[in-house]
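The block underneath contains the structure these notes are about, expressed in structure tokens.
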Amino acid sequence: MGQSIINDRHAIFNLVRKYENMLERNQVKFANLQSYHNLVDYYEQECLLERALEVVDYAIAQVGYQPSLHLRKAELLLEKKEPIRALSLLDQVDAQSPGVLRTSILRAEGLAMMGLHQQALSLLEGVKNELSSGKDLSKVYVCEALIYDSLRDFERMFYILKAALVEDPSNNEALSRMWYVVEYARKHEESIELHEKIVEDAPYNALAWYNIGASQSYLCNYEEAIEAYEFAFLAKDNFEFAYRECAEVCLLTRNFQKALSCYQDVLERFEPDADLFLNIGKCYAELGNYVVARDFFQQAVALDQYNAEAFFQIGRCFGKQKEWQRALAVFQKAVKLEDRNEDYLAAIAEAYHQTGNLKKALDFYREATEVAPELPQHWLNLALFLMRHRQYAKALEVLDEADQNTFGPEILYCRSACLFEMGKKSEALLTLEEALCEDFDAHPTLFKLMPVLEKDKEVKAVIAIFQPEP
């Protein structure tokens, strides 16, 4: 964790401790208003809104009327979904300090919260007419966007936030809200264009880079997304989400070493959580370092004893090392926590298979197909299990069931392999032809199932016939 972040945390914790000691003595008094504001920010971040309001009331009692404190209290009341109390407080501010922009913005938020959306929008329209351009107008646009957010009009929200950023490209609230409205409004290309203009003039705008990364990732432009996320955390080295999202894209593109580097940056700079340890473990597992991977998965379990995915990943590591009894024990914990996860069911089936409990294996292979009948892999697992134990007729029945529930060339190639195993070569070759017509590129699946067929002259001849022209 960065030293500046540590120092900030120590400072606020000391302030909180000091305040709570004052409460015990019933003597709350600070020398400056900033201490009160810092305490309110802390309690708000911790979702302790009653305590935050308590701090504001102590501050008001100490200094009397102070617009910033009354407006802060109104904000907190709106967060607590108490618009009537907030609006009453805003009336007091208007009476003593008329024309304060923040008052109008909060009033619009309160009216919208009460369902008076058109009244709120009319109020903001009047405010906009008094402003020509700049940061104040940008703030009004953000408030207007939030009203359209509550109305679920995401396209209009997008364009209003865009207007806010045209007025003030550094408006962090507009930038922060842009990433999710782009997702809802499906404006990824426009978002990239908008934010690229912003970073042309402000190359260290971390939120703009982050929004570019999010849209590039959605559009499957993964290299561009990774680059944008890297610019985001280079511009702001405590941008935790940028590190995590960059790592996620790296995992998606199987760049495990780079993903690991991002996750290690998170580990060094921020408070770790179970998901972080889990993802670091996945990186090490994919890189073949199963011992270190297990250690991180165990740390995930230490933080969250109900983390089924961590148990599952530990079991996979043991399986990769052929320690099937240990894998089985851990898979059992994962399945106990989530008994309807098809991947966990398939994993425990394989573990039972490897340890010789064929009945249990069959039961869990079958259960995986029942939980996720749309996924061909689980039907293949079940069919292959039956084929390995020479139950070819039952395997064909399973593949018939698979045809009724899912589709995929693998099913046909497996059927062909099963027919070859049964000695029904003519039927097997016809099925192979059907599979090749459906997906020629998937034909290596047949050789994975039956390596001996790779040298079969008739099989090679059929494949040659269906070979697409270059």
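The values are calculated or read from the model by the stated rules, or taken from the named source; none is laboratory data. Note that the coordinates shown come from a computational prediction; the quantities given were computed from them, not determined experimentally. Neighbour counts are summed over all protein chains in view; Cβ atoms, including those assigned to glycine, are modelled from backbone coordinates with ideal geometry.
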When the range 43-55 is checked residue by residue, the ones that are surrounded by 18 or more Cβ atoms within 10 Å (Cβ to Cβ), aliphatic (A, V, I, L, M) and more than 17 Å from residue 18 (Cβ to Cβ) are 53
Is it the case that residue 411 is closer than 30 Å to residue 310 by Cα and either of a type in the set (S, T, N, Q) or in contact with a helix residue (DSSP H, G or I) (Cβ under 7 Å, 6 or more places away or on another chain) (or both)? no
What pairs come up if the first residue lies in the range 298-322 and is free of Cβ contacts under 8 Å to residues at least 40 places away in the same chain and within 11 Å of residue 282 (Cα to Cα), the second is among the β-branched types (Val, Ile, Thr) and surrounded by fewer than 18 Cβ atoms within 10 Å (Cβ to Cβ), and their beta carbons are under 9 Å apart, counting only those six or more places apart or on different chains? 317/291
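Residue by residue, here is whether (1) within 28 Å of the chain's Cα centre (by Cα); (2) at pLDDT below 95; (3) under 16 Å from residue 274 (Cα atoms) holds:
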position: 289; (1), (2), (3): yes, no, no
position: 295; (1), (2), (3): yes, no, yes
position: 298; (1), (2), (3): yes, no, yes
position: 354; (1), (2), (3): no, no, no
Among the numbered conditions (1) within 29 Å of the chain's Cα centre (by Cα); (2) assigned to a helix (DSSP H, G or I); (3) surrounded by fewer than 20 Cβ atoms within 10 Å (Cβ to Cβ), tell me where residue 126 comes up short. (1)
Between residues in the range 394-417 that are farther than 13 Å from residue 369 by Cα and free of Cβ contacts under 8 Å to residues at least 40 places away in the same chain and residues that are part of a helix (DSSP H, G or I) and of a type in the set (Ser, Thr, Tyr), which pairs lie under 8 Å by C-beta distance while being six or more apart or on different chains? 409/445; 410/445; 412/431; 413/445; 414/445; 415/431; 416/431
Just to verify a result, which residue in the range 169-209, among those that are charged (D, E, K, R) and touching an Asp or Glu at 6+ places or on another chain (Cβ under 9 Å), is surrounded by the fewest Cβ atoms within 10 Å (Cβ to Cβ)? 186
Checked against (1) β-branched (Val, Ile, Thr); (2) closer than 26 Å to residue 132 by Cβ; (3) buried (at least 19 other Cβ atoms within 10 Å of the Cβ), residue 166 satisfies every condition except (3)
As an exercise: evaluate residue 180 against (1) in a loop (DSSP other than H, G, I, E, B); (2) within 20 Å of residue 241 (Cα to Cα) and give the number of the one condition it does not meet. (1)
Pairs under 9 Å by beta carbon, first residue surrounded by 17 or more Cβ atoms within 10 Å (Cβ to Cβ) in the range 259-281, partner aromatic (Phe, Trp, Tyr) and outside any helix (DSSP H, G or I), six or more apart or different chains? 276/270
Selection from the range 377-391 of residues crowded, with 19+ Cβ neighbours inside 10 Å and either more than 39 Å from the chain's Cα centre (by Cα) or not in a helix (DSSP H, G or I) (or both) yields 387
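For every residue, the table says whether it meets (1) at pLDDT 95 or above; (2) crowded, with 17+ Cβ neighbours inside 10 Å.
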{"position": "408", "(1), (2)": "no, yes"}
{"position": "414", "(1), (2)": "yes, yes"}
{"position": "417", "(1), (2)": "yes, yes"}
{"position": "424", "(1), (2)": "yes, no"}
{"position": "437", "(1), (2)": "no, no"}
{"position": "448", "(1), (2)": "no, no"}
{"position": "455", "(1), (2)": "no, no"}
{"position": "465", "(1), (2)": "no, no"}
{"position": "468", "(1), (2)": "no, no"}
Does residue 212 count as β-branched (Val, Ile, Thr) and over 22 Å from residue 162 (Cβ atoms)? no
Given the conditions (1) farther than 23 Å from residue 256 by Cβ; (2) assigned to a helix (DSSP H, G or I); (3) of a type outside the set (Ser, Thr, Tyr), every one holds for residue 374 apart from (2)
Taking the conditions exactly as written (farther than 30 Å from residue 237 by Cα, without any contact (Cβ under 8 Å) to a residue 40 or more places away in the chain, within 36 Å of the chain's Cα centre (by Cα) and not in a helix (DSSP H, G or I)), does residue 81 satisfy them or not? yes
What number of residues in the range 45-78 are among the charged types (D, E, K, R) and outside any helix (DSSP H, G or I)? 1
